[in-house]
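Bear in mind that the values in this text are calculations on the coordinates, not laboratory data. All values derive from a computational prediction rather than experimental measurement. Methodologically, a virtual Cβ is constructed for each residue, glycine included, from the backbone with ideal geometry; neighbour enumeration extends over all protein chains shown.
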Amino acid sequence: MAEKSTKAANFLALHLANPFLVLDLPPDSPPAAVERKGGLLLSLLAVGAGEASHYQTPFGPRKRTPETVRDAMAELRDPQRRLIHEWWVLDEE
Amino acid sequence: MRSKSSPAPARRAAQRKAEINGEMPWRLLLVYFSMVTEYVIFVVLWTIDLLYAHLSIKPEWLDQSIVIAGAAIPVFLTHVWFCPWLAWRICRPLGLFFFARRLYRFTPGASRRDIENFEALLRALRGVVPAPPPPMKKGPGIKRLRFLLVNKKPLPFLVDAKTTLMLALSREVLGDYALAERLLQTFELCPPGLKALGIFRPFVFEELAWHAAKRGDWNAVLRRARMGSGRGMLLMRLLAEKHLGRRVHRAALWFAFLISPSRRRAVRLVSDAEKLAPGEFIQRPGCREGLRLTHMLLLSKASEGISIDLGEVFRLAEAWDHEFAVRKQENLLRRGMEIGARDVLGLARRIEENVLDELEEMAAAAEGEIPREVLAGRDEDEASYEERLFSRLRNRLYRDVDALLDLFRVESGEKVEEGNLLEHWENWLSLCESVSRFHRLLGKDELSMLWYGTLRNAVWNSITRIFNDHGYRVAFISMIMFNWVTEMCRLLGDEEGATVNRNNTKLCRDELLVKQRVRKQISKWAA
């Protein structure tokens, strides 16, 4: 049995916290759509709506919190960071 | 004094209840069933044997002697086996560790060392790592107690096969599976006849196999079941073979289940195995489509300690190489300009480096060989993505061995303390594994450079120092370490080193055998 790699776990956690996955948006969404979806999710989380508390990833659902939503919105506001995240959720040809 | 309402007793009771899974009547019934079936099988077989002897033997004196012997042998066997059996098979599953400890003391012929080892085994089951006894208190009161044989002098701490086995069990319980597996490899390195595990062999290997089965690591179950012995091991071996897709006869599986101990916890595993069609594997769910998803799947496996094939990682690196080809990067540049990102080329290089970092992590956790085409096509001027990965892996292997070797580079005259012996042993096993991986991946030439450069003298001196400092107490591990150095010298054509270390191995083995023989003689005399 191989040893558990903490670094690999951290890398994977970063991939699964991709802002496009957190906000449940396609990679070509315009900035306005990002803000709108982020605001909607924050409102839903504030009223405790059950469906907003989790988001889908290739490895099953993950917990969504107001902090993760705010972080995701902030990441997508920076064009360079956004480009990296877009690249990771690109559709395979 | 603790009040009745204090939470500790309640918590302990809840813990005990959780330990026995809240099904005391069922468990007691099964234990009772187990005792009765085993006793009935034994009595029936023995009676048939005696009847046969009675009917077939003609001289009356011989017949009577056989009947007397036949009546005495079961009593003797029951007396010898009953206490350990009762302690391990009955008290331990019920969580009655206090009674288990006390019962084991009544085992005829059990030395003080055996009793202490059994107590350490019960502690290891709860995740307590074996350790040397605390330093003795001094004073007239203690002397008086020792004179009255109430307070005995603690026995010296031995780092032998049993301690290694208990250490592996405690590591397994604590969730350090890789280290547990590494410790168990000791028994594959040890020459036969020198392990002297006795009653620990069926007990501990069975427990280790159960732990591996619980987390679904059937390869580990099979390895452990092969190392152990007994009825439980037969069932575990068949279960592992069934889960690994080999053909196992249904009747054999159920027969092994019926004669095995701890049937209650086995029943679910057997029924799960029954549902598997021959040749069917239980596979972890995962996504297998697309480059990015494959990348994440391998990362997930590396993070969970699930074995990955190194060839798979290099194939992934090749696929990334295609992905990073100029045509694909054009899309990134175009998109960068659209959203107003600066320095897109720098960004592309950063992505490449990040992917390489992640691939390196996967390769470090992977097992198997590097594909031949990667080794054959190494070109220093224009390195492909796989070659860059190979170069990183190579540096990492050197770094790993160096980091472990630092732990063995003690200044001359510095002694490894008794309390650090097990840690030293674990470090040595890690070093051994790293060197073997280094050899497997980089070949004999690079190993030779490493061996003569730093490894040989550091390892050799460290083993000699530890054996000189602690003597027979570390004879078992010293023997395995010297044996390993002998094998390495032989592999690399160092005849002088091989001869000296072969003699050192023999010295340790003799020391171990002398101690074992003396111990046996003492227990015989005491009995």
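Tabulated results
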{"quantity": "Helix A:66-77 axis, angle to chain A major axis (alpha carbon atoms, nearest 10°)", "calculated": "90"}
{"quantity": "Cα-based helix-to-principal-axis angle, A:31-46 vs chain A, degrees rounded to 10", "calculated": "90"}
{"quantity": "Approximate spin-label separation B:Arg102-B:Glu373, in nm, with each point projected 7 Å along Cα-to-Cβ", "calculated": "7.0"}
{"quantity": "Karplus (6.51, -1.76, 1.60) ³J(HN,Hα), θ = phi - 60°, over the stretch B:473-484, in Hz, Gly and Pro reported as x", "calculated": "5, 10, 4, 5, 6, 4, 4, 5, 5, 5, 4, 5"}
{"quantity": "Peptide ranges B:488-497, A:56-65, B:355-364 listed from the most packed, as the mean C-beta count within 10 angstrom indicates", "calculated": "B:355-364, B:488-497, A:56-65"}
{"quantity": "Within-12-Å neighbourhood charge of B:Leu235 [Cβ basis; K, R +1; D, E -1]", "calculated": "+3"}
{"quantity": "Proxy reagent accessibility, fewest Cβ within 10 Å first, across B:Leu62, A:Leu90", "calculated": "B:Leu62, A:Leu90"}
{"quantity": "Net +/- balance of residues flanking B:Leu222 in space, Cβ distance below 13 Å, scoring K and R +1, D and E -1", "calculated": "+3"}
{"quantity": "When the convex hull of its Cα atoms is projected in every direction, mean area for the stretch B:291-393 (nm²)", "calculated": "7.0"}
{"quantity": "Other protein chain Cβ atoms within 10 Å, averaged over every residue that makes up B:344-357", "calculated": "2"}
{"quantity": "Average silhouette area of the stretch B:400-526, convex hull of alpha-carbon atoms, in square nanometres", "calculated": "8.5"}
{"quantity": "Sum of -39500 (n - 2.57) over DSSP H runs of 4+, divided by residues of chain A (222 nm, nearest 500)", "calculated": "-17000 deg cm²/dmol"}
{"quantity": "B:Val159, B:Val500, B:Val128, B:Val44 arranged by Cβ crowding within 10 Å, fewest neighbours leading", "calculated": "B:Val44, B:Val128, B:Val500, B:Val159"}
{"quantity": "Number of partner chain Cβ atoms within 10 Å, mean per residue of B:292-303", "calculated": "6"}
{"quantity": "Nearest-ten-degree value, helix A:6-16 long axis tilted from longest Cα axis of chain A", "calculated": "30"}
{"quantity": "Proximal aspartates and glutamates to B:Lys214, defined as alpha-carbon separation beneath 14 angstrom and excluding residues fewer than eight positions away on the same chain", "calculated": "B:Glu172, B:Glu206, B:Asp272"}
{"quantity": "Radius 10 Å from Cβ of B:Lys415, net charge of other residues (Lys, Arg +1; Asp, Glu -1)", "calculated": "-3"}
{"quantity": "Ranked B:Asp114, A:Asp71, B:Asp160, criterion: other C-beta atoms within 10 Å, fewest first", "calculated": "A:Asp71, B:Asp114, B:Asp160"}
